[in-house]
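J.: I am attaching a structure below and will ask some questions about it afterwards.
All of the numbers you see were taken from the coordinates with simple rules; none came from a lab. Bear in mind that the values here come from a model prediction, so they are computed numbers and not experimental data. Quick reminder, even Gly has a Cβ in these numbers, built from the backbone with ideal geometry, and neighbours come from all protein chains shown.
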Amino acid sequence: MRQITAVLIGAGARGRFVYGKYAQDYPGELKIVAVAEPIEERRRLAAEAYNLEPSHVYESWEEVFSKAKVADVAVISTQDRMHYEPTMKALSKNYHVLLEKPMSPFEDEVIAMADASYRYKRLLTVSHVLRYTPFWSKIKALLAEGSIGQIVSVQLSENVGYFHMAHSFVRGNWRNSDETSPMILQKSCHDMDIISWLIDRRCLRIHSYGSLMHFRQENAPAGSTTRCTDGCPVERDCPYSALKIYAEGPTHDWSRFITNKLTPEGIHEALQGGQFGRCVYRCDNNVVDHQVVNMEFDSGATASFTMSGFTHDCSRTIQIMGTHGEIRGYMEKNEIVHYPFGKEAVTIPVQVHEGGHGGGDEELVRSFLREVRNYAGGQGLTSAEVSVQSHLMAFAAEKSRLEGGKSVEINNLLPQL
């Protein structure tokens, strides 16, 4: 098996804990030979983790791509609005590209990137990791077998989890759509992609409703303080307490995202001075905390999607109704039940994989590397081309939401790549 070399553009959470970790776990498959990261501490940690020479550690992606090609692939895991330029430059320099989702918060950039992957004859794989999980792969196979006949209707729910909502979309990096992306694109482009993939037809029109209902200053409890570390009198009773989420958990699942000093002192320092110690009612967030989307496809099938930040866990559930049967699934439990009409229900076994996103993170990288090794033209399972539709669905949903639920036609917006 040929080892693939990579330059990592962005050594934050996804870059470090997913793509970088894969290189560490499977050094025979992937080797990171250069890193571009603007934050000094992250650069230092990357250099140590991947044993990089100082000459291969850069502050910016521009420095990397100003030189001759140094690797087989570029893994781009920067913030949403920093995807377009490095992706276009990497493709033009003949790198295959693995790109963090979403592709971009701008429609013209999404289409341009998909077009560039064809012009330069390079892979541009988008990290729609759910397609690579055993759970969603099994459901797709059941549908392909015709197990429920023709798809009539799909209902998908994304339960964000109250703590994940507070971390990522109230206090965190994706709290403000003016700086990153709207919630339906940043968090739920996975779901738009899964619906599009399962139904496998063109989406014609969409309408959507949603708002930022709860995480607003007027909903702050009486007497609460600006930061959870300021002696807030209601902190002990608040489910969104930063002290509870980051400092008192049994693991560092969330605190590892706010500091590299995973000690009580290091975590407390991050909460006192950083964005993650703020009261959830006093942040500069503007993304929705709940949203519903309804879709119609050219086969006549319909789909509905619900996203809510007010759930006890992070999970996804799905119900697919067909002309000859029904499928119900619970992703985090790896539970799938097939209900063929007129027959007994069948529980479908799912091989459980460890790792992020139900094993999808690892399989995404493994699949991408395999496609690079065997590249002979064409695109992969989550290519930019197939991602265009789900991104346009998300753009249409947000447009509809902002226009009070107006139906938005998208059938004429899809490019012919």
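J.: Between rounded, prolate and oblate, where does region 268-417 land on the alpha carbon gyration tensor, with a ≥ b ≥ c its root eigenvalues, rounded for a/c under 1.5, else prolate if a/b exceeds b/c? Walk me through the intermediate numbers first.
T.: On the way: a/c = 1.28, a/b = 1.22, b/c = 1.05.
In terms of gyration-tensor shape, rounded.
J.: Can you list residues from other chains, or at least 5 along the same chain, whose modelled amide H is less than 5 Å from the amide H of Glu326?
T.: Tyr339, Phe341
J.: Rounded, prolate or oblate for region 92-192? Axes are the square roots of the Cα gyration tensor eigenvalues, ordered a ≥ b ≥ c, and the cut-off for rounded is a/c under 1.5.
T.: Values: a/c = 2.15, a/b = 1.08, b/c = 1.99.
Judged from the Cα gyration tensor, region 92-192 comes out oblate (a/c at least 1.5, b/c at or above a/b).
J.: How big is the Cα convex hull of the chain in projection, averaged over all directions, in nm²? Let's see the in-between values first.
T.: Working: hull surface 84.7 nm².
Orientation-averaged projected area of the Cα hull: 21.2 nm².
J.: Would you mind checking which residues have amide H under 5 Å from Leu30's amide H? H placed 1.01 Å from N; only 5 or more apart, or other chain.
T.: Here the answer is Ile4, since their amide H atoms fall under 5 Å of that of Leu30.
J.: With 10 Å bins from zero, work out the P(r) of region 159-257 over every alpha carbon pair and list the percent per bin.
T.: Binned Cα distances yield the sequence 12, 36, 30, 15, 7, 1.
J.: Among rounded, prolate and oblate, which fits region 202-247 when a ≥ b ≥ c are the square roots of the eigenvalues of its C-alpha gyration tensor, a/c under 1.5 means rounded, and a/b larger than b/c means prolate? Write down the numbers at each step before the final one.
T.: Working: a/c = 4.75, a/b = 2.48, b/c = 1.91.
Judged from the Cα gyration tensor, region 202-247 comes out prolate (a/c at least 1.5, a/b above b/c).
J.: Quick one: Debye curve from the C-alpha atoms of region 220-277, no solvent, what's log10 I(q)/I(0) at q = 0.26, 0.27 Å⁻¹?
T.: -1.05, -1.11
J.: Using alpha-carbon positions, what is the distance between the centroids of region 105-182 and region 306-344, in Å?
T.: 18
J.: If I model a spin label as a point 7 Å beyond the Cα along the Cα-Cβ vector, how far apart are those points for Ala141 and Arg282 in nm?
T.: Placing both labels 7 Å along Cα→Cβ, they lie 5.3 nm apart.
J.: Can you give the calculated 222 nm mean residue ellipticity of the chain, where each DSSP H run of n ≥ 4 adds -39,500 (n - 2.57) and the sum is split over every residue, rounded to the nearest 500 deg cm²/dmol? Numbers along the way, then the final one.
T.: Values: 11 runs with 112 residues, N = 417.
Mean residue ellipticity at 222 nm (helix-derived): -8000 deg cm²/dmol.
J.: On alpha carbon coordinates alone, what is the Rg over Rh value for region 4-128, Rh being the Kirkwood radius? All intermediate terms of the calculation are to be shown ahead of the outcome.
T.: Details: Rg = 13.4 Å, Rh = 14.2 Å.
Reported Rg/Rh, Kirkwood definition of Rh: 0.94.
J.: Okay, moving on. Based on other C-beta atoms within 10 Å, arrange Cys314, Cys283 from fewest to most.
T.: Working: Cys314 15, Cys283 20.
The most exposed by this proxy come first: Cys314, Cys283.
J.: Test of understanding: ordering Asp115, Asp313, Asp289 by Cβ neighbours within 10 Å, fewest first, what list do you get?
T.: Values: Asp115 16, Asp313 11, Asp289 23.
Listing Asp115, Asp313, Asp289 from fewest to most nearby Cβ atoms yields Asp313, Asp115, Asp289.
J.: On full extension of the chain, what length is gained from Glu179 through Tyr209, given 0.36 nm per residue of separation minus the C-alpha to C-alpha distance?
T.: Gain in length upon complete extension: 8.6 nm.
J.: Pick from Met88, Met331, Met213 the residue whose mean-square fluctuation is largest in a GNM of the chain, springs joining Cα atoms under 10 Å.
T.: Sorting by GNM fluctuation, first place goes to Met213.
J.: Could I ask something else about it? Out of Val70, Val293, Val35, any idea which swings most in a Gaussian network model of the chain, alpha carbons joined below 10 Å?
T.: Val70
J.: Are there any GluC sites (Glu not before Pro) in region 102-159 that are in a DSSP loop and have at most 15 other Cβ atoms within 10 Å? List them by number.
T.: Working: sites: Glu107, Glu109, Glu145, Glu158; in loops: Glu145.
Here the GluC sites (Glu not before Pro) that fit, given the DSSP loop and packing criteria, are Glu145.
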